[in-house]
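*Asks:* Dropping a structure here in structure tokens format, bear with me for questions.
The values are calculated or read from the model by the stated rules, or taken from the named source; none is laboratory data. This structure is a prediction, so every number in the text was calculated from the model and none was measured. Cβ placement follows ideal geometry from the backbone for every residue including glycine, while neighbour counts extend to all protein chains displayed.
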Amino acid sequence: MSKTDAKKQIIIEKLADHLLQFGMKESSLRQLATAADMSDRMLLHYFTNKDELLTATLVRINDRLISILNSASSEQMPLQILLPHLAQLIKNPLINPYLKLWLELVPLTAAEKEPYLAIAKQICDTFFGKLTSMLKVEREEERIPLASLAFAMTEGFVLLDALDFDTHIASALKGIGEARWTVFAEQSKNGKVQPRR
């Protein structure tokens, strides 16, 4: 790795720490340069523009989050166990700053502002891949639909957590457990339960 690339990596790490601590509201070029201990002009010596700088930093933040998730659990879990596990993870002080930053990125992506839209899609794809690998399923064709449900519910948990609606998270977890068994019981009565393979 060249000296320039090594310096870029150091800058990206400092900026990742800065954004996780202060969020996107402190992401002006001047604030980022201060966080990197350099001038605006010097910062742009290493990056073409602010978009490139933010993209590299947010990608690094995403990589860090995936590393944390990988270390949190490597075993596969059925949906009924995975959802409470994810609900607990969002409360983890190591993970919570990532989720707060994610909530700040969402409105920027809704406005289809670049580079945020592309970065958010990459983050979603990575997180969905992680959820897919964490999910234990009885039949492989269930993996994508159940991972999609886990993804949607996790996003809901993040929003509810930010609003301090812990009782709603608990109710959702209770409801998903009951709904799964209700559907199973209904299918059993109607003779529509598929034999397990």
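*Asks:* Of the residues Ala6, Ala35, only one is in contact with a His (Cβ under 9 Å, 6 or more places away or on another chain), of a type in the set (A, V, I, L, M, F, W, C) and either exposed (fewer than 15 other Cβ atoms within 10 Å of the Cβ) or under 14 Å from Thr57 (Cα atoms) (or both); which?
*Replies:* Result of the check over Ala6, Ala35: Ala35.
*Asks:* Name the residues in region 1-21 that are outside any helix (DSSP H, G or I) and either in contact (Cβ under 8 Å) with a residue 40 or more places away in the chain or among the hydroxyl-bearing types (Ser, Thr, Tyr) (or both), would you?
*Replies:* Answer for region 1-21, where residues must be outside any helix (DSSP H, G or I) and either in contact (Cβ under 8 Å) with a residue 40 or more places away in the chain or among the hydroxyl-bearing types (Ser, Thr, Tyr) (or both): just Ser2.
*Asks:* Would you mind telling me which numbered condition in (1) over 30 Å from Glu140 (Cβ atoms); (2) under 20 Å from the mean Cα position of the chain (by Cα); (3) in contact (Cβ under 8 Å) with a residue 60 or more places away in the chain Gln76 fails?
*Replies:* (1)
*Asks:* Limited to region 166-179, what total is found for residues that are surrounded by 15 or more Cβ atoms within 10 Å (Cβ to Cβ) and free of Cβ contacts under 8 Å to residues at least 12 places away in the same chain?
*Replies:* Number of matching residues: 1.
*Asks:* Residues in region 104-136 that are under 16 Å from Ser73 (Cβ atoms) and either aliphatic (A, V, I, L, M) or touching a Gly at 6+ places or on another chain (Cβ under 9 Å) (or both): how many?
*Replies:* Total meeting the criteria: 3.
*Asks:* In the set Leu131, Leu163, Leu149, which member is surrounded by 14 or more Cβ atoms within 10 Å (Cβ to Cβ) and more than 14 Å from the chain's Cα centre (by Cα)?
*Replies:* Leu149
*Asks:* Is it the case that region 97-106 has a residue that's modelled with pLDDT under 90, within 14 Å of the chain's Cα centre (by Cα) and farther than 16 Å from Ser27 by Cβ?
*Replies:* Within region 97-106 (the criterion being modelled with pLDDT under 90, within 14 Å of the chain's Cα centre (by Cα) and farther than 16 Å from Ser27 by Cβ), the answer is yes, since at least one residue qualifies.
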